[in-house]
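A.B. asks: What follows is a single structure, and I will ask about it in a moment.
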Amino acid sequence: MIGRKLTAAVLAGALLGLGLASAAPAQTVVGVTATEIKLGNTNPYSGPASAYGTIGKVIGAYFKKVNDEGGVNGRKINFISYDDSYSPPKAVEMVRKLVEQDQVAAVFQTLGTPTNTAIHKYINQQKVPHLFVATGATKWNDPKNFPWTMGFQPNYQTEGRVYASHILKNFPDAKIGILYQNDDYGKDYLKGMEDGLGANASKLIVMKQSYEVTDPTVDSQIINLKNSGANVFFNITIPKFAVQAIKKANDIGWKPTHFLNNVSSSLATVLKPAGLEASKGLITALYMKEVTDPQWSKDKGFTDWVAFMKKYYPEGNLDDQSNAYGYNVAILMVQVLKQCGNDLSRENIIKQAANLKDYDLPLLLPGMKINTSPTDHAPIEQEQLAKFDGERWVLFGEIFDAFRK
Amino acid sequence: MNRRASVILAVVVIAFAYSLPIYMSGFRLFQFTQVCIYAIALMGLNLLTGYNGQFSLGHGAFYAIGAYISAIMMDQWAIAYGWTIPVAGVLCLIVGFLFGRPALRLEGLYLALATFSLALAVPQILKYFEHWTGGSQGIVLTKPKAPWGLKITEDQWLYLVTLTVTVVMFVLAANLVRSRVGRAMVAIRDNHIAAETMGVDSALYKSLTFGVSAAYTGVAGALSAVAIAYVAPDSFNVFLSVTFLIGIVIGGLASVWGNVLGAMFIQFVPNWAQDISKAAPWAIFGIFLIGFMYVMPYGIAGAIKRLWISQVVSRVSQKQGGEPLSSQQAESPSR
Amino acid sequence: MDIFVQQVMSGLATGGIYASLALALVMIYQATDVVNFAQGEMAMFATYLAWTFMNAGVSYWTAFILTLAIAFVGGVVIQRVVIRPVENKPILTIVIVTLGLLVILNSMAGWIWTYLQKPFPSPFPREPIRMGTVVLGTHDLGEIAVTLVMLALLFVFFRFTPLGLAMRAAAQNPLSSRLAGIRVSWMLALGWGLAATFGAVAGIMVAPILTLDPNMMGGIQIYAFAAATLGGFGSPVGAVVGGFLVGVVENLVGTYVSFIGTELKLTVALAMIIVVLLVKPSGLFGRTHVRRV
């Protein structure tokens, strides 16, 4: 009797104690301990966009390097990255896993416009930093409505407008033909150009041709574009089709003023296979050093990157611009963490991400800097035009700054 | 399994399913909501392919249509999601029936490829009618809150709604396949000439089955639009239709339970594969697929049924004394 | 008029791509009654092997022959090891196994060679052929020619050689074939081996145009299925004609039907196939099967 009452009392006391203990303030910061910071990411490691999966891998490799060198302020980065196969429902599932199960401090460099659109509302509702998304869409720079989200690269519409303003200035009686990929990426570029041409857009653009990623070639579209009499060509294609477009245009004797979108500006994957001679005169807008361009071979940023790749990501391709892109953005993330010091709360992480002043990244073009503020969630807004002379991209003109325009 | 045991098992499982929101986190509930949605979609495909023998590689198209109907109704006309689900079902029923009529002329492989073409064309069509569908940008929706001031999260509410719809549709389907109509469907699958001689209107039943099948998958699509709160052409590519086919074969053709098992497979196994191997997760998934087919060529439900049959057979023949029959001999020849 | 000719030629070139893979698909179907969903990935994998050889310094034609040999052996091995355990199971079970094969091959290719696209050399001269104002890529022509040669070889093989006859018999009536002394099981394996070889040729011919990456055959396989369906799965000639037709019609629709333009090209091509099927349910060249009840 006494025994039972005593047992009951002890049990009650224990339960109360447990209850009090769990009611006590929980662990202070989500995703952070004294020795570790958890960063979450989803990338298309499989599926139609799997070529970009290398970005997640190179970021992981860079964080390993940082951890080997002692981490950030004594903490190692635990980079958790899941495959979303470029599928919006899968992205939602994986990001929920990162936020609710893995309890990451921040979500970083999620890739793709549809996938990021799917998680945009959720992640802002959950108040999780959604940093440096890997897409060129324009909507990520909206701190008023989505204060937790931040873009990274210059958006596609800005690039389209850069080309448009160049055309208006230098080719007033242009007849523009456009080849674009029939998805958000292609349409975004298209919008940028059309907006940039202003009221004259419908007069200046004589033909638009689209293609699907599943199409085998764009030869038919190039034939139609030549036939339209266009003398300016805006080429919005991914590398595989850019090669075909350049080759075919050259073969059928069509030599327009040819603007090639930044996505396909690689020497090794596009210009060389298409033919260096055939690629002469191509114009593009750059914000990064193109890693197969011989002019950077002695540049310190470039050589550091090569050394990093050889040691930490040897199976990665040194021809792949995505590997340079991932390296750059990983460095930026580490900078944000460093600026946080010991306060790695989600609030401070986004605060510091919106507090980057004139920060230099090793693979950005000389003169370009990272700038963010609470009203400006677009880190890179500068681009410069370059023309291909048969050997390398020769930068010309002034640095176009979307922020200041 | 006799009717009573089957019903008791069903009640137990359903009760268990309803209890999940009590102890499961939002994320897990989200995953199980997906399982319910896939189960409905698979039930639809199974009605057509498992019970009626018409191969379809294009059910992703009906899933997409259902999802977009729901999304457009919610986004453009601010209609409550509850109404969008039956509307999606009915519209898909009509579309399915209309597709099924001409498809009657196509046999097996050719039907599969015609439906495959449908699934392929859908993303392009969705992108074309930008004004309605939002084009490649898709349509962003808001997750509904629990009504009547109930103190449950959106995830929990959505799960309960989805589960209820799933239970209702499964009960309907189970009744359908056990009824005269169901027998007619199976008869058409096994030997449509004999069926017709028996007075079954093969053309009508096949088209109707197509319609009902499309309706189920359309309802699943509508539910998914609400659960994910976003629709875009990229969500409905060819691989979705292939995934559904995988789901019904792994789960078990011509089985009601099989669809739940198949749904769990297609929801969870790719994630496990990722946990096993970061480098080549889909290779692991492929190995799972092939392995399952070696061990259970008639699907999980099929394997369970065979196991049960062999148990019963050996017990029965032992009771009668003498050699136990093999389960091969005990099975009906038409299966 | 010029643009019409140019688009037709361009359509024949793309059609040739579809036709070459469709041929391999029909080959397996004729020999084994199975639609092999992994055909495209097998072709892609073989092409990567060829690339590896060429990258290691082997000459183009040596690598070509070597790859074909390995592809043949690979096809036979796959049939013996992977397909045989489910040979007699329902058709959908076999389909799932080929799907499993598809994802395995795709994933392995990505793992071994990464997803970065690689340029692939062409054995044909770089300079295009000009006939008046119409320009034809030399590789495109070469690729069409190779496809037609493969078709001819296939035709001759099935029609005029005892082995080809044995294979056809084994596929159509395994029971009687066994009674006639044909080793049915090995005929199936042979069918897979040959189809794999054809697939490898298709891949090597197509890679210079499409650039080599693990998803190279994904889009093509879809079109190849459409082409084979249009032409009739039982007919190699049908597959090739189907391929050319799909390529040409797609291009012409994209060029001349302005309200459709290029944004619905694929839809139109598919609609066309469905319409043909409604009129001729077994495809243009397919034979309607008369079954005894």
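The values are calculated or read from the model by the stated rules, or taken from the named source; none is laboratory data. Computed from a prediction, not measured in an experiment: that's the story for all the values here. With ideal geometry, Cβ positions are generated from the backbone for all residues, glycine too; neighbour counts draw on all protein chains shown.
A.B. asks: Answer yes or no: is there a residue in the range A:336-345 that is crowded, with 23+ Cβ neighbours inside 10 Å and more than 21 Å from A:ALA34 (Cβ to Cβ).
C.D. replies: Scanning the range A:336-345 turns up no residue that is crowded, with 23+ Cβ neighbours inside 10 Å and more than 21 Å from A:ALA34 (Cβ to Cβ).
A.B. asks: Let me ask another. If you take the residues in the range A:348-405 that are free of Cβ contacts under 8 Å to residues at least 40 places away in the same chain and aromatic (Phe, Trp, Tyr), which one is surrounded by the most Cβ atoms within 10 Å (Cβ to Cβ)?
C.D. replies: Once the filter is applied, the top-ranked residue is A:TYR359.
A.B. asks: I've got another one for you. Collect the residues in the range B:138-164 that are part of a loop (DSSP other than H, G, I, E, B) and facing chain A (nearest Cβ under 10 Å), keeping them in residue-number order.
C.D. replies: Of all residues in the range B:138-164, those part of a loop (DSSP other than H, G, I, E, B) come to B:138, B:141-153.
Across the range B:138-164, the qualifying residues are B:GLY138, B:LEU141, B:THR142, B:LYS143.
A.B. asks: Another one. Could you pull out every one of the helices (runs of 4 or more DSSP H) wholly within the range C:166-232 that has 1 or more residues that are touching a Pro at 6+ places or on another chain (Cβ under 7 Å) and away from chain A (no Cβ under 14 Å)?
C.D. replies: Output list reads C:184-210.
A.B. asks: So, in the range C:250-263, exactly how many residues are at pLDDT 80 or above and either facing chain B (nearest Cβ under 9 Å) or farther than 18 Å from B:ILE125 by Cβ (or both)?
C.D. replies: 4
A.B. asks: So how many residues does the range A:103-135 have that are more than 10 Å from chain B (Cβ to nearest Cβ) and under 17 Å from A:PRO48 (Cβ atoms)?
C.D. replies: Number of matching residues: 5.
A.B. asks: If a residue must be outside any helix (DSSP H, G or I) and modelled with pLDDT under 85, how many such residues does the range B:99-137 contain? Quick ask: steps written out before the conclusion?
C.D. replies: As a first pass, look at the range B:99-137 and keep what is outside any helix (DSSP H, G or I): B:104-107, B:129, B:134.
Adding the requirement that they be modelled with pLDDT under 85 leaves B:104-107.
Of the residues in the range B:99-137, 4 are outside any helix (DSSP H, G or I) and modelled with pLDDT under 85.
A.B. asks: Looking at this structure, is C:LEU92 within 14 Å of chain B (Cβ to nearest Cβ), outside any loop (DSSP other than H, G, I, E, B) and within 22 Å of C:ILE17 (Cα to Cα)? Walk me through how you get there before you give the answer.
C.D. replies: Numbers: within 14 Å of chain B (Cβ to nearest Cβ): yes; outside any loop (DSSP other than H, G, I, E, B): yes; within 22 Å of C:ILE17 (Cα to Cα): no.
Here the answer is no, as C:LEU92 does not meet what is asked.
A.B. asks: Report, by residue number, each residue of the range A:184-213 that is within 11 Å of chain C (Cβ to nearest Cβ) and either free of Cβ contacts under 8 Å to residues at least 40 places away in the same chain or touching a His at 6+ places or on another chain (Cβ under 7 Å) (or both). Walk me through how you get there before you give the answer.
C.D. replies: The first filter runs over the range A:184-213 and keeps only residues within 11 Å of chain C (Cβ to nearest Cβ), leaving A:186-187, A:207-213.
If the condition is that a residue be within 11 Å of chain C (Cβ to nearest Cβ) and either free of Cβ contacts under 8 Å to residues at least 40 places away in the same chain or touching a His at 6+ places or on another chain (Cβ under 7 Å) (or both), then A:LYS187, A:MET207, A:LYS208, A:GLN209, A:SER210, A:TYR211, A:GLU212 are the ones that fit.
A.B. asks: Now a separate question. Checking B:VAL256 against (1) within 14 Å of chain C (Cβ to nearest Cβ); (2) within 11 Å of the chain's Cα centre (by Cα); (3) touching a residue at least 60 places away in the same chain (Cβ under 8 Å), only one condition comes out false. Which one?
C.D. replies: (1)
A.B. asks: Given the residues B:GLY66, B:GLY53, which is the only one that is in contact (Cβ under 8 Å) with a residue 12 or more places away in the chain and closer than 30 Å to B:GLU196 by Cβ? Talk me through it step by step, then tell me what you get.
C.D. replies: On the way: B:GLY66 fails: closer than 30 Å to B:GLU196 by Cβ.
Matching residue, one of B:GLY66, B:GLY53: B:GLY53.
A.B. asks: In the range B:223-325, which helices (runs of 4 or more DSSP H) lie fully inside it and hold 1 or more residues that are within 27 Å of B:THR84 (Cα to Cα) and modelled with pLDDT under 90?
C.D. replies: Details: elements: B:238-251, B:257-276, B:281-295, B:299-319.
In the range B:223-325, B:238-251, B:257-276 are the helices (runs of 4 or more DSSP H) which contain 1 or more residues that are within 27 Å of B:THR84 (Cα to Cα) and modelled with pLDDT under 90.
A.B. asks: From the list A:PRO147, A:PRO143, A:PRO154, A:PRO172, which residue is farther than 25 Å from A:PRO374 by Cα and in a loop (DSSP other than H, G, I, E, B)?
C.D. replies: Values: A:PRO147 fails: farther than 25 Å from A:PRO374 by Cα; A:PRO143 fails: farther than 25 Å from A:PRO374 by Cα; A:PRO154 fails: farther than 25 Å from A:PRO374 by Cα.
The conditions single out A:PRO172.
A.B. asks: Still on this structure, I have one more. What is the one condition in (1) farther than 21 Å from B:LEU118 by Cβ; (2) more than 14 Å from chain A (Cβ to nearest Cβ) that B:GLY26 does not satisfy?
C.D. replies: Every listed condition holds for B:GLY26 apart from (2).
A.B. asks: While we're here: Can you tell me which of C:THR47, C:THR14, C:THR52, C:THR32 is away from every other protein chain (no Cβ under 12 Å), more than 11 Å from the chain's Cα centre (by Cα) and buried (at least 24 other Cβ atoms within 10 Å of the Cβ)? Reasoning before the result, please.
C.D. replies: Numbers: C:THR14 fails: away from every other protein chain (no Cβ under 12 Å); C:THR52 fails: buried (at least 24 other Cβ atoms within 10 Å of the Cβ); C:THR32 fails: buried (at least 24 other Cβ atoms within 10 Å of the Cβ).
One residue alone meets the criteria, C:THR47.
Every residue, every condition in (1) in the same structural domain as A:MET207 (by TED's automatic domain parsing); (2) surrounded by 24 or more Cβ atoms within 10 Å (Cβ to Cβ); (3) out of contact with any Asp or Glu (no Cβ under 9 Å at 6 or more places or on another chain), yes or no:
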| position | (1), (2), (3) |
| --- | --- |
| A:VAL104 | no, yes, yes |
| A:GLY112 | no, yes, no |
| A:GLN125 | no, no, yes |
| A:ALA137 | no, no, no |
| A:SER165 | yes, no, yes |
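A.B. asks: Just need a number here: residues in the range A:29-88 that are under 17 Å from the mean Cα position of the chain (by Cα), more than 14 Å from every other protein chain (Cβ to nearest Cβ) and at positive phi.
C.D. replies: 0
A.B. asks: Would you confirm, using the coordinates I've provided, whether A:ASN170 is surrounded by fewer than 21 Cβ atoms within 10 Å (Cβ to Cβ), over 28 Å from A:SER81 (Cα atoms) and either under 17 Å from the mean Cα position of the chain (by Cα) or of a type outside the set (Phe, Trp, Tyr) (or both)? I'd like the intermediate steps shown before the answer.
C.D. replies: Working: surrounded by fewer than 21 Cβ atoms within 10 Å (Cβ to Cβ): yes; over 28 Å from A:SER81 (Cα atoms): yes; either under 17 Å from the mean Cα position of the chain (by Cα) or of a type outside the set (Phe, Trp, Tyr) (or both): yes.
Here the answer is yes, as A:ASN170 does meet what is asked.
A.B. asks: So in the range C:279-293, with the set limited to residues that are among the aliphatic types (A, V, I, L, M) and surrounded by fewer than 14 Cβ atoms within 10 Å (Cβ to Cβ), which one is modelled with the highest pLDDT? Write out each step before concluding.
C.D. replies: Just the residues of the range C:279-293 that are among the aliphatic types (A, V, I, L, M), to begin with: C:279, C:284, C:290, C:293.
Adding the requirement that they be surrounded by fewer than 14 Cβ atoms within 10 Å (Cβ to Cβ) leaves C:279, C:290, C:293.
Numbers: C:VAL279: 85, C:VAL290: 63, C:VAL293: 61.
My answer is C:VAL279.
A.B. asks: Of all residues in the range B:286-305, count the ones that are within 7 Å of chain C (Cβ to nearest Cβ) and surrounded by fewer than 20 Cβ atoms within 10 Å (Cβ to Cβ).
C.D. replies: Step one: of the range B:286-305, the residues within 7 Å of chain C (Cβ to nearest Cβ) are B:286-287, B:289-290, B:293-294, B:297.
Applying the additional criterion that residues be surrounded by fewer than 20 Cβ atoms within 10 Å (Cβ to Cβ) yields B:287, B:294.
Within the range B:286-305, residues that are within 7 Å of chain C (Cβ to nearest Cβ) and surrounded by fewer than 20 Cβ atoms within 10 Å (Cβ to Cβ) number 2.
A.B. asks: Please go through the range B:108-120 and pick out each residue that is more than 7 Å from chain C (Cβ to nearest Cβ) and more than 17 Å from B:ALA214 (Cβ to Cβ). Even if it seems obvious, please write down each step before you answer.
C.D. replies: In the first step, residues of the range B:108-120 are kept if they are more than 7 Å from chain C (Cβ to nearest Cβ); the result is B:108, B:111-112, B:115, B:118-119.
Listed by number, the list holds a single entry, B:GLY108.
A.B. asks: Condition test on A:LEU318, is it touching a helix residue (DSSP H, G or I) at 6+ places or on another chain (Cβ under 7 Å) and buried (at least 21 other Cβ atoms within 10 Å of the Cβ)? Walk me through it before giving the result.
C.D. replies: Values: touching a helix residue (DSSP H, G or I) at 6+ places or on another chain (Cβ under 7 Å): yes; buried (at least 21 other Cβ atoms within 10 Å of the Cβ): no.
Spelling it out, it is not the case that A:LEU318 is touching a helix residue (DSSP H, G or I) at 6+ places or on another chain (Cβ under 7 Å) and buried (at least 21 other Cβ atoms within 10 Å of the Cβ).
A.B. asks: A:SER165 - would you say it is more than 23 Å from the chain's Cα centre (by Cα), small (Gly, Ala, Ser) and under 26 Å from C:ILE220 (Cβ atoms)? Full working, then the answer.
C.D. replies: Details: more than 23 Å from the chain's Cα centre (by Cα): yes; small (Gly, Ala, Ser): yes; under 26 Å from C:ILE220 (Cβ atoms): no.
No: the conditions fail for A:SER165.
A.B. asks: Can you spot a residue in the range B:65-79 that is within 13 Å of chain C (Cβ to nearest Cβ) and farther than 18 Å from B:GLY211 by Cα?
C.D. replies: Checking the range B:65-79: not a single residue is within 13 Å of chain C (Cβ to nearest Cβ) and farther than 18 Å from B:GLY211 by Cα.
A.B. asks: Looking only at the range A:242-259, count every residue that is under 30 Å from the mean Cα position of the chain (by Cα) and at the interface with chain C (Cβ under 9 Å from one of its Cβ atoms) and tell me the total.
C.D. replies: Final tally of qualifying residues: 4.
A.B. asks: Against the condition assigned to a helix (DSSP H, G or I), touching a Lys or Arg at 6+ places or on another chain (Cβ under 7 Å), in contact (Cβ under 8 Å) with a residue 12 or more places away in the chain and not aliphatic (A, V, I, L, M), how does B:GLY96 come out, does it pass? So that I can check it myself, show each step before the final result.
C.D. replies: Numbers: assigned to a helix (DSSP H, G or I): yes; touching a Lys or Arg at 6+ places or on another chain (Cβ under 7 Å): no; in contact (Cβ under 8 Å) with a residue 12 or more places away in the chain: yes; not aliphatic (A, V, I, L, M): yes.
When the stated conditions are applied, B:GLY96 does not pass them.
A.B. asks: Being farther than 22 Å from B:LEU57 by Cα, surrounded by fewer than 20 Cβ atoms within 10 Å (Cβ to Cβ) and in contact with a helix residue (DSSP H, G or I) (Cβ under 8 Å, 6 or more places away or on another chain) is the filter here; which residues of the range C:77-96 pass it?
C.D. replies: If the condition is that a residue be farther than 22 Å from B:LEU57 by Cα, surrounded by fewer than 20 Cβ atoms within 10 Å (Cβ to Cβ) and in contact with a helix residue (DSSP H, G or I) (Cβ under 8 Å, 6 or more places away or on another chain), then C:ARG80, C:VAL82, C:ARG84, C:PRO85 are the ones that fit.
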